[in-house]
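The values are calculated or read from the model by the stated rules, or taken from the named source; none is laboratory data. Small disclaimer: the values here were computed from a predicted structure and weren't measured. Positions of Cβ are backbone-derived with ideal geometry, glycine not excepted, and every protein chain shown enters the neighbour counts.
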Ligand SMILES: *Cc1c(COP(=O)(O)O)cnc(C)c1O
């Protein structure tokens, strides 16, 4: 047993400048355990038939290199930025909405220090966090009051708990939907303590069905936007104004889960079929709930807007404490809403910019990419027509014409090439169609084009 003697001791290793700089970067204790693990593994190797090192200096070099790799791997963050070349704008698996530059700046500014999160700067005393974003939300939606929680699932749960617990919530069978990620409207309703009063059928529910179900146990009428599917054919659903009129006649609030928070123009509603928040407010809906990070293009949040007294009841419910948001969410949300208030969201909010990017612009960017990749070792590149989607469980069936950069592998499969794209840093997420890899630049931020091209050029 002579070989293990060429292993340096831990103390000897720690004299090496390379190990010292690892200690500075990762801390002494992590380096110590990495050195021990790597030295142990090398000891096993040296006892085997084909020792990989011949002297102590070589062994020290090998240990240093392997420890460095091990630490780099162990300390790498799990959550990293990726390039979304799928053409799915609100891609739930890829973090939904990218923040506007102004919103990202606000998060950094507010998050890095103290803030008046719950402090009244005028009175010099404790304040309420729920005042943040409220003024902007009332401005951009037209509703008198607003509250913000962790996500829209929480907004719906809290609203039902505060307004309908122990009483009945009337809902059409055509709206008892599953949104994805296990969010099922009937389950959430039951969790809130509300009794679900189902009416109508999957394809047809009339105003008379709602009217017939109203009793002294009725707390609210719930309307749910069936975000992720369309029922076509023999269908009927009362207009929002009919439902509001019915609610007003019996003094029962109509609550609407809009899913996506479409604060864009009515044109966007026509383009993609996602109802505008302001239209629901204007129609007289008492409380609307929607997501902050779908079409709205802000941070993950659930937004509740509506009548003052109902929103107050929602805010003072005990669950509010469990579902509230932090200063970084308010910072990002306020900055995002400010872009809407200024009327320039369509040019500054990434989700809106992507929605409105033209095939001409996308074609130019795709051609520039394909040209720069001409002569690549692994694939040929050209530009083809295709379709992007809104995603995020919204605007089902809405397809937006786009131009795609198509990478056709020369020797290997498209699946292999696509997995190589995911190994890049940042990883590039693409689609495969007909054994080609398709890149949709609609969802690639224009400032990432150069990085994407250079990164693809490095593939060999
Ligand atoms: C997406 C969606 C939800 C859930 O919103 P999250 O922000 O993901 O929690 C609830 N209801 C509808 C109709 C939706 O489309």
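Can you tell me which residue among 186, 98 is more than 21 Å from residue 237 (Cβ to Cβ) and surrounded by 14 or more Cβ atoms within 10 Å (Cβ to Cβ)?
Matching residue, one of 186, 98: 98.
Restricting to region 399-417, give me the number of residues that are surrounded by 20 or more Cβ atoms within 10 Å (Cβ to Cβ) and modelled with pLDDT under 95.
1
Please state which one of 161, 155 is under 21 Å from the mean Cα position of the chain (by Cα) and under 17 Å from residue 220 (Cβ atoms).
155 is the lone residue from the list that is under 21 Å from the mean Cα position of the chain (by Cα) and under 17 Å from residue 220 (Cβ atoms).
Out of region 16-44, which residues are within 15 Å of residue 5 (Cα to Cα) and crowded, with 17+ Cβ neighbours inside 10 Å?
Matches in region 16-44: 39, 42.
Among the residues of region 214-236, write down those that are part of a loop (DSSP other than H, G, I, E, B), in contact (Cβ under 8 Å) with a residue 24 or more places away in the chain and more than 16 Å from the ligand (Cβ to nearest atom).
Matches in region 214-236: 214, 215, 217, 233, 234, 235.
Quick one: would you say residue 105 is assigned by TED's automatic domain parsing to the domain that holds residue 234, surrounded by fewer than 15 Cβ atoms within 10 Å (Cβ to Cβ) and under 14 Å from residue 329 (Cα atoms)?
Spelling it out, residue 105 is indeed assigned by TED's automatic domain parsing to the domain that holds residue 234, surrounded by fewer than 15 Cβ atoms within 10 Å (Cβ to Cβ) and under 14 Å from residue 329 (Cα atoms).
From the list 427, 446, 409, pick out the single residue that is within 21 Å of residue 358 (Cβ to Cβ) and in contact (Cβ under 8 Å) with a residue 12 or more places away in the chain.
446 is the lone residue from the list that is within 21 Å of residue 358 (Cβ to Cβ) and in contact (Cβ under 8 Å) with a residue 12 or more places away in the chain.
May I ask you to list the residues in region 422-447 that are crowded, with 24+ Cβ neighbours inside 10 Å and part of a strand (DSSP E or B)?
If the condition is that a residue be crowded, with 24+ Cβ neighbours inside 10 Å and part of a strand (DSSP E or B), then 428, 437, 439, 440 are the ones that fit.
Looking only at region 59-94, count every residue that is within 16 Å of the ligand (Cβ to nearest atom) and touching a residue at least 24 places away in the same chain (Cβ under 8 Å) and tell me the total.
6
Might you check whether a residue that is surrounded by 14 or more Cβ atoms within 10 Å (Cβ to Cβ), under 40 Å from the mean Cα position of the chain (by Cα), assigned to a helix (DSSP H, G or I) and not assigned by TED's automatic domain parsing to the domain that holds residue 406 occurs anywhere in region 2-15?
No: region 2-15 contains no residue that is surrounded by 14 or more Cβ atoms within 10 Å (Cβ to Cβ), under 40 Å from the mean Cα position of the chain (by Cα), assigned to a helix (DSSP H, G or I) and not assigned by TED's automatic domain parsing to the domain that holds residue 406.
Mind listing whichever residues of region 175-206 are away from the ligand (no atom under 13 Å from the Cβ) and in a helix (DSSP H, G or I)?
190, 191
Any residue at all in region 339-346 that is within 16 Å of the ligand (Cβ to nearest atom) and in contact (Cβ under 8 Å) with a residue 60 or more places away in the chain?
Scanning region 339-346 turns up no residue that is within 16 Å of the ligand (Cβ to nearest atom) and in contact (Cβ under 8 Å) with a residue 60 or more places away in the chain.
Taking interchain pairs and intrachain pairs at least six residues apart, which have beta carbon atoms under 7 angstrom, with the first residue in region 184-199 and assigned by TED's automatic domain parsing to the domain that holds residue 155 and the second at pLDDT 95 or above and in a loop (DSSP other than H, G, I, E, B)?
Hits for this filter: 192/165; 193/165; 193/166; 194/165; 194/167; 195/167.
With the structure loaded, tell me whether residue 420 is under 23 Å from the mean Cα position of the chain (by Cα) and at pLDDT 95 or above or whether it fails that test.
Taking the combined requirement at face value, the residue does not satisfy it.
Scan region 180-209 for residues that are in contact with a strand residue (DSSP E or B) (Cβ under 7 Å, 6 or more places away or on another chain) and within 23 Å of residue 158 (Cα to Cα) and jot them down.
The answer is 184, 185, 186, 189, 190, 194, 195, 196, 197, 198, 199.
Wholly within region 61-173, which helices (runs of 4 or more DSSP H) include no fewer than the required count, namely at least 2 residues that are closer than 30 Å to residue 23 by Cα?
Passing ranges, in order: 101-111.
Anything in region 144-160 that is away from the ligand (no atom under 15 Å from the Cβ) and surrounded by fewer than 20 Cβ atoms within 10 Å (Cβ to Cβ)? List them, or say none.
The answer is 144, and nothing else.
On the given criteria, is residue 47 within 31 Å of the chain's Cα centre (by Cα), touching a residue at least 12 places away in the same chain (Cβ under 8 Å), surrounded by fewer than 13 Cβ atoms within 10 Å (Cβ to Cβ) and at negative phi?
So residue 47 does not fit the description; no.
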